[in-house]
1. Would you work out what percent of the accessible area of the stretch 54-98, with all protein chains in place, is carbon or sulfur (probe 1.4 Å)?
2. In nm, to one decimal, how far is the LYS118 label point from the ASN87 one, both placed 7 Å along Cα→Cβ?
3. Over the stretch 34-158, what relative contact order in percent results from Cα pairs under 8 Å that are six or more residues apart?
4. Enumerate the helices in the chain for which the Kyte-Doolittle hydropathy averages -1.0 or more and the C-alpha atoms extend at least 20 Å along the helix's axis, using complete DSSP H runs.
5. Anything over 29 Å Cα to Cα? Flag those among LYS33/LYS154; LYS118/LYS171; LYS2/LYS118; LYS11/LYS171, in the order listed.
6. What figure in square angstrom, to the nearest 10, would you give for the accessible area of GLU212 with a 1.4 Å probe?
7. Run the 1.4 Å probe and let me know the accessible area of THR10, rounded to the nearest 10 Å².
8. Arrange the residues VAL198, VAL85 by how much accessible surface each exposes, largest first, with a 1.4 angstrom probe.
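The values are calculated or read from the model by the stated rules, or taken from the named source; none is laboratory data. Note that this is a predicted model, so its numbers are computed, not measured. Cβ sites come from the backbone with ideal geometry, for glycine too, and all protein chains shown count toward neighbours. Accessible surface is based on the protein model in full, side chains and every heavy atom, while ligands, DNA and RNA are left aside. Shrake-Rupley method; radii C 1.70, N 1.55, O 1.52, S 1.80 Å.
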Amino acid sequence: MKYLTIDTTTKVTAVALAEDGRLTAEGFLHTTKTHSERLIPMLEQLLTASAWTLQELDMIGVVRGPGSFTGIRIGIATAQGLAQVLNLPLIGVVSLDALAWAGSGREEDIVPILDARKNEWYTARYRWTSGEEKAECLTPPQALPTDQWLEHLKGLERPICFVGDAVVKAKERIEEILGDRAVILPEYACLPRGAYAVKAVWLRWQETSVGERVEPYYIRYSEAEVNWAKKEEARRREGHE
């Protein structure tokens, strides 16, 4: 089964082609251009280099969040459009689940951290067990204040391997709180990659064997939605006075 994966949940545009869970081609761009500018040209280049066509695809997978609200919407809209035109099943996976593959086979707990702004991270905690094809999710995805999360991890007295786009900026603070129990992978391994999405999507497909309705997974409301809700609440209150 041939399939395409799209991950635009961070500033990285990550696209991949795979067959039966094995990576065929991977595109990775971490530049100032927008996902809208990079996504389709990257896909076309990968298809050409792989000697594949869109018509050969059997399924499309997309990373649905959490992460950048705009990036999530672009990725899902692109995947949905392709799936509709090509009449293909669509599969959605969580960004933190995909990032857990950056630490595949490691003994430390794997903790993805994605920049959620407001001094918070989107995060979760995973553990790989020998012989298992999927990491166990020990702490479900959530948005947490950075220091609060690090202090919690410190109390676990476990070695922690950090991955995600927030790692480089937070490296000193992580090491300050966790000391030698913190493991920081190189940036190229920390950031979202098509190879990670390929694995996560294939596992999800094996669980479902059918397409699914893919919705954005934001964890929390966007700033615009929060402001709108506040205005609506104020308007309702005025109406009752």
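1. Roughly 50 percent, rounded to a whole number.
2. 4.5
3. Relative contact order here is 17 percent.
4. Going by DSSP H runs, the hits are 35-50, 69-86, 194-208.
5. Over 29 Å apart, Cα to Cα: LYS33/LYS154; LYS2/LYS118.
6. Counting only protein heavy atoms, GLU212 exposes about 50 Å² to solvent.
7. Ignoring ligands and nucleic acids, THR10 comes out at about 10 Å².
8. Most to least solvent-accessible, the answer reads VAL85, VAL198.
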